[in-house]
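Step one of this worksheet: look at the structure below.
The values are calculated or read from the model by the stated rules, or taken from the named source; none is laboratory data. It should be emphasised that the depicted structure is a prediction, and the values quoted were computed from it without experimental measurement. Cβ placement follows ideal geometry from the backbone for every residue including glycine, while neighbour counts extend to all protein chains displayed.
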Amino acid sequence: MTTENKWDLKYSEEGFAYGTQPNDFLRQNLHQLPVGGRVLCLAEGEGRNSVFLAKQGFEVVAVDSSAVGLQKAQELARSEKVQITTIVADLAEFTVEEAFYDAVISIFCHLPSPVRQFAYAQVVKGLKKDGVLLLEGYTPAQLKNNTGGPPSKELLLTLEILKNDFASLNILHAIELERDIIEGRLHTGPGAVVQLIATK
Ligand SMILES: C[S@@+](CC[C@H](N)C(=O)[O-])C[C@H]1O[C@@H](n2cnc3c(N)ncnc32)[C@H](O)[C@@H]1O
């Protein structure tokens, strides 16, 4: 089964797998994003973060390989009376225009290493000068928790990986921590995460 099919299947279930409310780290750090800017949401799934950002006045582009997820993202946007642009694409091949985005949001986007490196290079390229990257993802410490996240270490993130991949950015916030994550039926308790906020 391909990654795409796996996520299409999950998102075909009733309701929203990660809820309709935004990720906590994003909500808490909204003030770090350039007001009303153009934002790219990576691996955005069913659109909870995109719709939240659109409601705050941002111009949002959401990319994900799951057509089913992004269709639900558009339905959520319609029900909240906002507009978002959705692009069905594999991040292994998704390219961005240089210096196009004021911010990039990456919430629980877990990719195999070569894909991650390609996608992160696109993030750096796509950010405008002073543009902001906001990222939260699970670390290998999450494997013991059984409260969500990818099952294999290869897909998990560490501070070391992020500092290395985003060495050209200025880091404002970088931490590994455990926090309670109650975000839909698939993220359900203590979560070991890494968080990054950085500017170009
Ligand atoms: C854990 S979900 C997170 C969804 C969303 N960011 C959120 O927090 O609600 C991971 C998402 O990554 C997407 N994804 C996984 N591999 C991908 C790839 N190679 N290209 C694009 N999206 C991918 C999946 O389709 C899924 O929507």
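Here are some notes:
- Summed over the stretch 25-49, the residues that are farther than 19 Å from residue 77 by Cα and either at pLDDT below 95 or not in a loop (DSSP other than H, G, I, E, B) (or both) give a count of 4.
- Condition check for residue 48: away from the ligand (no atom under 15 Å from the Cβ) and out of contact with any strand residue (DSSP E or B) (no Cβ under 7 Å at 6 or more places or on another chain): no
- Selection count where residues are within 12 Å of the ligand (Cβ to nearest atom) and part of a strand (DSSP E or B), scope the stretch 84-99: 3
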